[in-house]
1. May I ask for the net charge around Ser237, where only other residues with Cβ less than 14 Å from the Cβ of Ser237 are counted and Lys, Arg are +1 while Asp, Glu are -1?
2. So for the chain: antiparallel DSSP bridges make up what percent, rounded to the nearest 5?
3. So for each of 235-241, 125-131 I average, over its residues, the number of other beta carbons within 10 Å; can you give me the resulting order with the highest mean first?
4. Give the long-range amide H neighbours of Asn184: residues separated by 5 or more places, or on another chain, with amide H under 5 Å away, using H modelled in the peptide plane at 1.01 Å from N.
5. At q = 0.14, 0.15 Å⁻¹, what is the base-10 log of I(q)/I(0) for the chain according to the Debye formula with one equal point scatterer per Cα and no solvent? Please give it to two decimals.
6. Looking at the stretch 138-296 from every direction and averaging, what is the projected area of its Cα convex hull in nm²?
7. Scanning the chain for trypsin sites (Lys or Arg not before Pro) in DSSP loops with at most 12 other Cβ atoms within 10 Å, what's the longest stretch left with none?
8. If you put +1 on each Lys and Arg Cβ and -1 on each Asp and Glu Cβ, how big is the dipole of the chain around its Cα centre, in Debye rounded to 20?
Amino acid sequence: MKLVITGAGGLLGSALLAMVKGHEVYSLYNEHAPSTGIPVRLDLRDKNQVTEILRKIKPDAIVHTTALTDVDRCERDHTLAKAINYDATTTIAKSAKDLGAFLVYISTDYVFDGEKGMYNEEDIPRPINFYGHTKLMGEQSIKELLSDYLIARTSVIYGSTPSSGKVNFALWLLDSLSSGKTVNVAMNQFVSPTLNTNLAEMIMECLERRVKGILHLSGASRVSRLEFALEICKTWSLNPSLINPVDMSKMNWYAPRPRDSSLDVTKASSILMRKPASIKDSLYRLKEELNTPKRG
Ligand SMILES: NC(=O)c1ccc[n+]([C@@H]2O[C@H](COP(=O)([O-])OP(=O)(O)OC[C@H]3O[C@@H](n4cnc5c(N)ncnc54)[C@H](OP(=O)(O)O)[C@@H]3O)[C@@H](O)[C@H]2O)c1
(Lines give C-alpha, C1' and ligand atoms only; values in the text may rest on other atoms or scores of the structure.)
Protein backbone atom coordinates (compact mmCIF):
# COMPACT_ATOMS: atom_id res chain seq x y z
CA MET A 1 0.00 0.00 0.00
CA LYS A 2 1.20 3.52 -0.83
CA LEU A 3 0.46 5.49 2.30
CA VAL A 4 0.61 9.18 3.22
CA ILE A 5 0.79 10.16 6.89
CA THR A 6 0.30 13.86 7.65
CA GLY A 7 1.65 15.28 10.91
CA ALA A 8 4.27 12.54 10.75
CA GLY A 9 6.48 14.19 13.38
CA GLY A 10 3.60 14.51 15.86
CA LEU A 11 2.64 12.39 18.85
CA LEU A 12 0.38 10.06 16.88
CA GLY A 13 2.18 10.40 13.53
CA SER A 14 5.49 9.23 15.02
CA ALA A 15 3.81 6.17 16.61
CA LEU A 16 2.16 5.30 13.30
CA LEU A 17 5.46 5.61 11.47
CA ALA A 18 7.14 3.25 13.91
CA MET A 19 4.45 0.67 13.14
CA VAL A 20 4.02 0.72 9.36
CA LYS A 21 5.77 -2.27 7.90
CA GLY A 22 5.70 -3.43 4.31
CA HIS A 23 4.12 -0.22 2.98
CA GLU A 24 5.58 2.66 0.94
CA VAL A 25 5.14 5.54 3.36
CA TYR A 26 5.34 9.28 2.70
CA SER A 27 5.83 11.28 5.90
CA LEU A 28 4.37 14.79 5.59
CA TYR A 29 5.63 17.32 8.12
CA ASN A 30 5.95 21.05 8.54
CA GLU A 31 8.64 21.88 11.09
CA HIS A 32 9.53 18.68 12.93
CA ALA A 33 11.03 16.13 10.57
CA PRO A 34 10.03 12.50 11.19
CA SER A 35 12.72 9.86 11.58
CA THR A 36 11.32 7.35 9.08
CA GLY A 37 9.33 7.15 5.87
CA ILE A 38 9.97 9.28 2.79
CA PRO A 39 10.00 12.81 4.26
CA VAL A 40 8.00 15.53 2.47
CA ARG A 41 8.11 19.01 3.97
CA LEU A 42 4.86 20.81 3.29
CA ASP A 43 2.73 23.46 4.94
CA LEU A 44 -0.75 22.00 4.60
CA ARG A 45 -2.21 25.50 4.32
CA ASP A 46 -0.71 25.71 0.82
CA LYS A 47 -3.65 24.28 -1.14
CA ASN A 48 -1.97 24.11 -4.55
CA GLN A 49 1.15 22.41 -3.25
CA VAL A 50 -0.85 19.88 -1.22
CA THR A 51 -2.98 19.01 -4.25
CA GLU A 52 0.07 18.80 -6.53
CA ILE A 53 2.16 16.64 -4.18
CA LEU A 54 -0.68 14.22 -3.46
CA ARG A 55 -1.36 13.98 -7.20
CA LYS A 56 2.29 13.02 -7.76
CA ILE A 57 2.35 10.46 -4.92
CA LYS A 58 -1.06 8.91 -5.83
CA PRO A 59 -1.53 7.27 -2.43
CA ASP A 60 -3.88 4.34 -1.81
CA ALA A 61 -4.61 5.76 1.64
CA ILE A 62 -4.00 8.90 3.69
CA VAL A 63 -3.93 9.09 7.50
CA HIS A 64 -4.54 12.74 8.29
CA THR A 65 -3.29 13.42 11.84
CA THR A 66 -2.26 17.06 11.34
CA ALA A 67 -4.05 19.60 13.49
CA LEU A 68 -3.49 22.70 15.53
CA THR A 69 -3.90 20.78 18.79
CA ASP A 70 -3.21 23.66 21.19
CA VAL A 71 -6.77 24.26 22.39
CA ASP A 72 -6.05 27.70 23.87
CA ARG A 73 -4.17 28.83 20.76
CA CYS A 74 -7.15 27.80 18.61
CA GLU A 75 -9.40 29.97 20.80
CA ARG A 76 -7.03 32.96 20.45
CA ASP A 77 -6.31 32.56 16.73
CA HIS A 78 -9.44 31.48 14.88
CA THR A 79 -7.92 32.15 11.47
CA LEU A 80 -4.97 29.80 12.03
CA ALA A 81 -7.14 27.12 13.66
CA LYS A 82 -9.61 27.17 10.77
CA ALA A 83 -6.84 27.13 8.16
CA ILE A 84 -5.14 24.03 9.62
CA ASN A 85 -8.03 22.06 11.10
CA TYR A 86 -10.72 22.75 8.52
CA ASP A 87 -9.38 24.22 5.26
CA ALA A 88 -6.39 21.84 5.04
CA THR A 89 -8.64 18.88 5.88
CA THR A 90 -11.00 19.90 3.08
CA THR A 91 -8.09 20.16 0.62
CA ILE A 92 -6.93 16.68 1.59
CA ALA A 93 -10.45 15.25 1.36
CA LYS A 94 -10.83 16.71 -2.16
CA SER A 95 -7.54 15.12 -3.22
CA ALA A 96 -8.55 11.80 -1.65
CA LYS A 97 -11.75 11.95 -3.70
CA ASP A 98 -9.94 12.76 -6.96
CA LEU A 99 -7.36 10.02 -6.41
CA GLY A 100 -9.76 7.40 -5.02
CA ALA A 101 -7.69 7.18 -1.82
CA PHE A 102 -9.09 5.92 1.50
CA LEU A 103 -8.92 8.72 4.11
CA VAL A 104 -8.52 8.24 7.85
CA TYR A 105 -9.18 11.50 9.67
CA ILE A 106 -8.19 11.75 13.32
CA SER A 107 -10.81 13.68 15.24
CA THR A 108 -11.39 14.40 18.88
CA ASP A 109 -13.57 13.91 21.98
CA TYR A 110 -13.73 17.74 22.05
CA VAL A 111 -16.45 17.66 19.37
CA PHE A 112 -18.75 16.89 22.34
CA ASP A 113 -19.96 19.37 24.96
CA GLY A 114 -18.99 17.16 27.93
CA GLU A 115 -22.39 17.25 29.63
CA LYS A 116 -23.03 13.49 29.25
CA GLY A 117 -19.71 11.62 29.00
CA MET A 118 -19.06 8.13 27.57
CA TYR A 119 -20.11 9.36 24.13
CA ASN A 120 -20.80 6.76 21.47
CA GLU A 121 -20.64 7.14 17.69
CA GLU A 122 -24.35 8.03 17.43
CA ASP A 123 -24.23 10.90 19.96
CA ILE A 124 -24.67 14.38 18.50
CA PRO A 125 -21.53 16.56 18.64
CA ARG A 126 -21.83 20.05 20.09
CA PRO A 127 -18.37 21.58 20.60
CA ILE A 128 -17.89 24.25 23.24
CA ASN A 129 -14.53 25.59 22.09
CA PHE A 130 -13.09 26.67 18.74
CA TYR A 131 -10.69 23.71 18.49
CA GLY A 132 -13.64 21.29 18.76
CA HIS A 133 -15.63 23.42 16.33
CA THR A 134 -12.90 23.32 13.63
CA LYS A 135 -12.34 19.58 14.09
CA LEU A 136 -16.09 18.98 13.67
CA MET A 137 -16.09 21.15 10.53
CA GLY A 138 -13.29 18.88 9.26
CA GLU A 139 -15.50 15.83 9.93
CA GLN A 140 -18.43 17.41 8.10
CA SER A 141 -16.30 18.26 5.09
CA ILE A 142 -15.13 14.65 4.83
CA LYS A 143 -18.66 13.26 5.15
CA GLU A 144 -19.88 15.61 2.41
CA LEU A 145 -17.05 14.84 -0.01
CA LEU A 146 -16.26 11.17 0.49
CA SER A 147 -17.78 7.75 0.95
CA ASP A 148 -14.45 5.98 1.50
CA TYR A 149 -13.37 7.36 4.85
CA LEU A 150 -12.90 6.65 8.54
CA ILE A 151 -13.37 9.38 11.15
CA ALA A 152 -11.51 8.12 14.24
CA ARG A 153 -12.20 10.17 17.38
CA THR A 154 -9.70 9.93 20.18
CA SER A 155 -8.93 11.56 23.55
CA VAL A 156 -5.86 12.84 25.49
CA ILE A 157 -3.02 11.16 23.63
CA TYR A 158 0.19 10.39 25.51
CA GLY A 159 3.37 8.51 24.67
CA SER A 160 7.01 7.86 25.39
CA THR A 161 8.60 10.62 23.32
CA PRO A 162 8.18 14.38 23.17
CA SER A 163 6.85 14.95 19.64
CA SER A 164 6.56 18.05 17.48
CA GLY A 165 8.49 19.99 20.10
CA LYS A 166 6.10 19.39 23.00
CA VAL A 167 5.75 17.01 25.93
CA ASN A 168 2.47 15.26 26.68
CA PHE A 169 0.57 15.02 30.00
CA ALA A 170 2.16 11.72 31.11
CA LEU A 171 5.74 12.80 30.34
CA TRP A 172 5.18 16.23 31.93
CA LEU A 173 3.83 14.61 35.08
CA LEU A 174 6.61 12.02 35.28
CA ASP A 175 9.23 14.69 34.77
CA SER A 176 7.69 17.08 37.34
CA LEU A 177 7.11 14.49 40.07
CA SER A 178 10.51 12.83 39.58
CA SER A 179 12.18 16.20 40.17
CA GLY A 180 10.05 16.87 43.27
CA LYS A 181 7.87 19.63 41.76
CA THR A 182 4.25 20.07 42.83
CA VAL A 183 1.65 20.12 40.07
CA ASN A 184 -1.97 21.25 39.75
CA VAL A 185 -4.24 18.65 38.20
CA ALA A 186 -7.96 19.01 37.43
CA MET A 187 -9.98 16.67 39.64
CA ASN A 188 -13.32 16.93 37.85
CA GLN A 189 -12.45 16.81 34.15
CA PHE A 190 -13.10 13.31 32.78
CA VAL A 191 -11.39 11.89 29.68
CA SER A 192 -10.31 8.60 28.06
CA PRO A 193 -6.49 8.80 27.99
CA THR A 194 -5.00 7.07 24.97
CA LEU A 195 -1.50 5.63 24.58
CA ASN A 196 -0.22 6.66 21.13
CA THR A 197 1.07 3.16 20.30
CA ASN A 198 -2.27 1.53 21.23
CA LEU A 199 -4.05 4.10 19.04
CA ALA A 200 -1.59 3.63 16.16
CA GLU A 201 -2.06 -0.15 16.09
CA MET A 202 -5.87 0.23 16.07
CA ILE A 203 -5.64 2.76 13.22
CA MET A 204 -3.35 0.43 11.24
CA GLU A 205 -5.88 -2.39 11.61
CA CYS A 206 -8.71 -0.09 10.47
CA LEU A 207 -6.60 1.00 7.52
CA GLU A 208 -5.71 -2.52 6.43
CA ARG A 209 -9.31 -3.76 6.85
CA ARG A 210 -10.80 -0.54 5.42
CA VAL A 211 -13.07 0.04 8.42
CA LYS A 212 -15.37 2.91 7.40
CA GLY A 213 -17.61 5.51 9.02
CA ILE A 214 -17.12 6.94 12.51
CA LEU A 215 -15.29 5.02 15.22
CA HIS A 216 -14.29 6.02 18.74
CA LEU A 217 -10.66 4.91 19.21
CA SER A 218 -9.33 5.81 22.64
CA GLY A 219 -8.16 4.15 25.81
CA ALA A 220 -10.84 1.98 27.43
CA SER A 221 -10.88 3.74 30.83
CA ARG A 222 -12.88 6.85 31.75
CA VAL A 223 -10.86 8.72 34.37
CA SER A 224 -10.52 12.23 35.75
CA ARG A 225 -7.21 13.96 35.06
CA LEU A 226 -6.50 13.47 38.77
CA GLU A 227 -7.18 9.71 38.62
CA PHE A 228 -4.93 9.53 35.56
CA ALA A 229 -2.15 11.31 37.47
CA LEU A 230 -2.58 9.04 40.50
CA GLU A 231 -2.36 5.92 38.29
CA ILE A 232 0.90 7.29 36.90
CA CYS A 233 2.17 7.80 40.48
CA LYS A 234 1.24 4.21 41.35
CA THR A 235 2.89 2.72 38.25
CA TRP A 236 6.18 4.57 38.83
CA SER A 237 6.01 4.59 42.67
CA LEU A 238 6.08 8.39 42.78
CA ASN A 239 4.90 10.64 45.58
CA PRO A 240 1.17 11.45 45.13
CA SER A 241 1.27 14.26 47.70
CA LEU A 242 3.03 16.41 45.06
CA ILE A 243 -0.28 16.51 43.16
CA ASN A 244 -2.68 19.35 44.03
CA PRO A 245 -6.24 18.45 43.05
CA VAL A 246 -7.82 21.56 41.51
CA ASP A 247 -11.38 22.25 40.40
CA MET A 248 -11.28 22.55 36.59
CA SER A 249 -12.93 25.98 36.80
CA LYS A 250 -9.79 27.18 38.61
CA MET A 251 -7.36 25.93 35.96
CA ASN A 252 -5.60 28.63 34.02
CA TRP A 253 -7.23 27.73 30.70
CA TYR A 254 -8.21 30.29 28.08
CA ALA A 255 -10.62 28.06 26.15
CA PRO A 256 -13.46 26.24 27.91
CA ARG A 257 -13.02 22.46 28.24
CA PRO A 258 -15.79 19.84 28.20
CA ARG A 259 -16.38 18.51 31.73
CA ASP A 260 -16.68 14.87 30.66
CA SER A 261 -15.65 14.07 27.08
CA SER A 262 -14.89 10.40 27.76
CA LEU A 263 -15.58 8.07 24.82
CA ASP A 264 -17.53 4.83 24.70
CA VAL A 265 -15.30 2.36 22.82
CA THR A 266 -17.72 -0.60 22.79
CA LYS A 267 -17.88 -0.60 18.98
CA ALA A 268 -14.08 -0.60 18.50
CA SER A 269 -13.67 -3.26 21.21
CA SER A 270 -16.12 -5.55 19.46
CA ILE A 271 -14.94 -5.17 15.85
CA LEU A 272 -11.15 -4.84 16.18
CA MET A 273 -8.53 -7.48 16.96
CA ARG A 274 -6.37 -4.72 18.48
CA LYS A 275 -8.51 -3.49 21.38
CA PRO A 276 -8.68 -0.16 23.24
CA ALA A 277 -6.45 -0.79 26.29
CA SER A 278 -7.23 -0.05 29.94
CA ILE A 279 -5.35 2.71 31.73
CA LYS A 280 -3.38 0.19 33.82
CA ASP A 281 -2.26 -1.88 30.82
CA SER A 282 -1.41 1.28 28.86
CA LEU A 283 0.73 2.71 31.65
CA TYR A 284 2.63 -0.59 32.04
CA ARG A 285 3.21 -0.56 28.28
CA LEU A 286 4.40 3.06 28.48
CA LYS A 287 6.82 2.08 31.24
CA GLU A 288 8.24 -0.66 29.04
CA GLU A 289 8.48 1.71 26.07
CA LEU A 290 10.36 4.26 28.18
CA ASN A 291 12.80 1.53 29.22
CA THR A 292 13.38 0.41 25.63
CA PRO A 293 16.22 2.24 23.87
CA LYS A 294 14.93 4.23 20.88
CA ARG A 295 16.15 3.40 17.40
CA GLY A 296 17.14 6.02 14.81
N1 LIG B 1 -3.12 15.23 21.51
C2 LIG B 1 -4.30 14.93 22.01
O3 LIG B 1 -4.45 14.82 23.23
C4 LIG B 1 -5.48 14.70 21.10
C5 LIG B 1 -6.73 14.38 21.66
C6 LIG B 1 -7.81 14.13 20.81
C7 LIG B 1 -7.64 14.20 19.43
N8 LIG B 1 -6.42 14.51 18.92
C9 LIG B 1 -6.27 14.58 17.46
O10 LIG B 1 -5.29 13.63 17.10
C11 LIG B 1 -4.51 14.10 16.01
C12 LIG B 1 -3.03 13.92 16.32
O13 LIG B 1 -2.71 14.67 17.47
P14 LIG B 1 -1.21 14.76 17.99
O15 LIG B 1 -1.26 14.96 19.47
O16 LIG B 1 -0.40 13.67 17.39
O17 LIG B 1 -0.77 16.15 17.35
P18 LIG B 1 0.62 16.91 17.51
O19 LIG B 1 1.63 16.07 18.21
O20 LIG B 1 0.31 18.28 18.03
O21 LIG B 1 1.08 17.01 16.01
C22 LIG B 1 0.37 17.81 15.11
C23 LIG B 1 1.08 17.75 13.81
O24 LIG B 1 0.47 18.68 12.91
C25 LIG B 1 1.50 19.23 12.11
N26 LIG B 1 1.12 20.55 11.60
C27 LIG B 1 0.61 21.58 12.30
N28 LIG B 1 0.43 22.63 11.48
C29 LIG B 1 0.80 22.23 10.24
C30 LIG B 1 0.83 22.84 8.95
N31 LIG B 1 0.43 24.10 8.78
N32 LIG B 1 1.26 22.13 7.90
C33 LIG B 1 1.68 20.84 8.07
N34 LIG B 1 1.68 20.19 9.25
C35 LIG B 1 1.25 20.89 10.32
C36 LIG B 1 2.69 19.35 13.03
O37 LIG B 1 3.85 19.31 12.22
P38 LIG B 1 5.23 20.00 12.64
O39 LIG B 1 5.51 19.58 14.04
O40 LIG B 1 6.18 19.48 11.64
O41 LIG B 1 4.97 21.48 12.55
C42 LIG B 1 2.55 18.12 13.92
O43 LIG B 1 3.30 17.04 13.44
C44 LIG B 1 -4.95 15.52 15.76
O45 LIG B 1 -5.74 15.55 14.62
C46 LIG B 1 -5.75 15.92 16.97
O47 LIG B 1 -6.79 16.82 16.66
C48 LIG B 1 -5.33 14.76 19.72
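1. Numbers: positive: Lys234, Lys287; negative: Glu231.
Neighbour charge sum, excluding Ser237 itself: +1.
2. So the antiparallel bridges amount to about 10 percent of the total.
3. Result, highest mean first: 125-131, 235-241.
4. The answer is Asn244.
5. Log-scaled intensity ratios, in q order: -1.03, -1.20.
6. Orientation-averaged projected area of the Cα hull: 11.0 nm².
7. In short, 22-180.
8. On the way: 37 positive and 33 negative charges, 84 e Å.
So the dipole magnitude of the chain works out to roughly 400 debye.
The values are calculated or read from the model by the stated rules, or taken from the named source; none is laboratory data. Remember, it's a predicted structure, so these values are computed and weren't measured experimentally. Every residue, glycine among them, receives a Cβ derived from its backbone with ideal geometry; neighbour counts consider all protein chains shown. For accessibility, only protein heavy atoms count, side chains too; no ligands or nucleic acids. Shrake-Rupley method; radii C 1.70, N 1.55, O 1.52, S 1.80 Å.
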